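The values are calculated or read from the model by the stated rules, or taken from the named source; none is laboratory data. Since the model is a prediction, treat every value here as computed from it, not as a measurement. For neighbour counting, all protein chains shown are included, and Cβ atoms are generated from backbone atoms with ideal geometry for every residue, glycine included.
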């Protein structure tokens, strides 16, 4: 008993040190972001802010227009979430509950799409977007992400587990496939859609490379793009940079703390099935 | 009759995917392959007829390009070091969380460890640049407290890539941990009890029961992570821009830079090679992992 207790103490200690190392960089950046620039550079460093200030944030909003980028990020992320909720459940239903020739072949394409690296597609996708006149538009940023293989995979898995009898009964009653989908299947998918919505929001919010390619003017920049431009221009003004990092990271942290159950479910269903 | 109707509609339901697949994935993939055999540049996008085929020239140029070779070497180093580091950390955290500590603290630690994985790479990179800053950075100041003189981590050729490797493992191990945790909970208790009766210590139980039982999951994490690590791009792009002196230039970043200066044909050839390597390696890993 004594031995297990000692082992437990060691385990807890190790875990706590690990947690400090993992959360430390966020904590340090967060605390530093409310210090004046002079205090950030002071030696020896202060841990807790001696002078608390929001100047870094006001400068970020006034001079760098981070508010616009924040709004753009919200627009892009919500559009991507809406597209995925509708289309992934539709496609998932098609794979799970309807029969048609070539279904398995088409489904293997879903898996194949997951395997193609982003950098391989980037140039030809950009040429395509340019040909369609969508460079520097929201629609250009949003369009390629409206249906994601991972989302299709998740929704197919979930819908396949719904009882066939429900759908058969509705078919016998003469309901059309679309009515069945919208009035019977979709309402039952709410739990899976919560997870899917969260995961796609996260992906769209954090997405950096594609928006960086498509958005070429400040009015279209999403948060990661705006922050990276700032990162390139003001490499030494850490007060602004870390405040910017906090603006990108904070919404995700808040979502994560309140909805962590759905995140973990998400990896459990998508990662291992 | 009813079946026939349902059959037609099945296609309608998967149509959003098919359209997207053909227009934004299959089409571009083939176009990229085609572009790799031409001299297309960004300026040719509006006059595609002026593009000339150049055969294998782009591919042959790759072999003579010092930056590309450096990028390939860096990528190999990155994958070979970051992969065991990430999986090792993930496994250690999962085993510690599964070793009988109470549920609430376990959930708390799991939450914390998973956090970096879901935060924006730009946010994380900025936070790390701030930590590693030579003068004002916390790391060098802490080293200074114990009398050590820390290097300029990201500006020094010998420490820049290792810094990015550590950051990537730090950011990614939480994912592996969650996957391992789920698998650990599926190992039958009796196996451990039997081994304990036989007098096996903690360490030997870990190697003779935990690791073999986790083999399929370790294989999954290896394939999944190495596929991702082979494409690493955002980390050096944001933290070092590939420097100093290409010491953190990755294959994907080199392609990104060629794309940026408009060499679409050449960049496509490099991307095709990278894609081939990624697929070949994944197939090889699955073969080896399953046969043993």
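Checking the condition free of Cβ contacts under 8 Å to residues at least 40 places away in the same chain and buried (at least 22 other Cβ atoms within 10 Å of the Cβ), which residue from A:114, A:123 passes? Before the answer, list the steps.
Details: A:114 fails: buried (at least 22 other Cβ atoms within 10 Å of the Cβ).
The conditions single out A:123.
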* To do: For residue A:48, work out the one condition from (1) without any contact (Cβ under 8 Å) to a residue 40 or more places away in the chain; (2) within 11 Å of chain B (Cβ to nearest Cβ) it doesn't fulfil.
  => (2)
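Quick one: in region B:155-168, of everything that is within 13 Å of chain A (Cβ to nearest Cβ) and surrounded by fewer than 23 Cβ atoms within 10 Å (Cβ to Cβ), which residue is nearest to residue B:208 (Cα to Cα)?
Ranking the candidates gives B:166 first.
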* Complete set of residues in region B:251-272 that are under 20 Å from residue A:115 (Cα atoms) and within 10 Å of chain A (Cβ to nearest Cβ) -> B:251, B:252, B:253, B:255, B:256, B:267, B:268, B:270, B:271, B:272
* **So residue A:199, is it within 19 Å of residue A:77 (Cα to Cα), surrounded by fewer than 16 Cβ atoms within 10 Å (Cβ to Cβ) and out of contact with any strand residue (DSSP E or B) (no Cβ under 8 Å at 6 or more places or on another chain)** => no
* Structure fact -> Among residues of region B:2-34 being modelled with pLDDT under 90 and at the interface with chain A (Cβ under 7 Å from one of its Cβ atoms), the residue farthest from the chain's Cα centre (by Cα) is B:2
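Per-residue answers, yes or no, for (1) more than 27 Å from residue A:73 (Cβ to Cβ); (2) surrounded by fewer than 21 Cβ atoms within 10 Å (Cβ to Cβ):
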residue	(1), (2)
B:121	no, no
B:124	no, no
B:134	yes, yes
B:138	yes, yes
B:146	yes, yes
B:179	yes, no
B:182	yes, yes
B:197	yes, yes
B:209	yes, yes
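Taking residue B:286 as the residue in question, decide whether it is more than 16 Å from the chain's Cα centre (by Cα) and either exposed (fewer than 12 other Cβ atoms within 10 Å of the Cβ) or farther than 25 Å from residue B:72 by Cα (or both). Before you say what the answer is, go through the steps one by one.
Values: more than 16 Å from the chain's Cα centre (by Cα): yes; either exposed (fewer than 12 other Cβ atoms within 10 Å of the Cβ) or farther than 25 Å from residue B:72 by Cα (or both): no.
The answer is no for residue B:286.
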* Asked: Picking from B:78, B:108, which residue would you name as being assigned to a helix (DSSP H, G or I) and surrounded by fewer than 18 Cβ atoms within 10 Å (Cβ to Cβ)?
  -> B:108
* To do: Within region B:89-105, track down each residue that is part of a helix (DSSP H, G or I), modelled with pLDDT under 95 and more than 11 Å from residue B:181 (Cα to Cα).
  => B:103, B:104, B:105
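Answer yes or no as to whether residue A:24 is within 13 Å of chain B (Cβ to nearest Cβ), free of Cβ contacts under 8 Å to residues at least 40 places away in the same chain and crowded, with 18+ Cβ neighbours inside 10 Å. Can you show your working first?
Details: within 13 Å of chain B (Cβ to nearest Cβ): yes; free of Cβ contacts under 8 Å to residues at least 40 places away in the same chain: yes; crowded, with 18+ Cβ neighbours inside 10 Å: no.
Against the criterion (within 13 Å of chain B (Cβ to nearest Cβ), free of Cβ contacts under 8 Å to residues at least 40 places away in the same chain and crowded, with 18+ Cβ neighbours inside 10 Å), residue A:24 does not qualify.
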* Structure fact -> Filtering region A:70-111 down to residues that are touching a residue at least 12 places away in the same chain (Cβ under 8 Å), farther than 26 Å from residue A:137 by Cβ and surrounded by 15 or more Cβ atoms within 10 Å (Cβ to Cβ) yields A:89, A:92, A:93, A:95, A:96, A:97, A:98, A:107, A:110
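Report yes if residue B:56 is out of contact with any strand residue (DSSP E or B) (no Cβ under 7 Å at 6 or more places or on another chain) and within 11 Å of chain A (Cβ to nearest Cβ), otherwise no.
no
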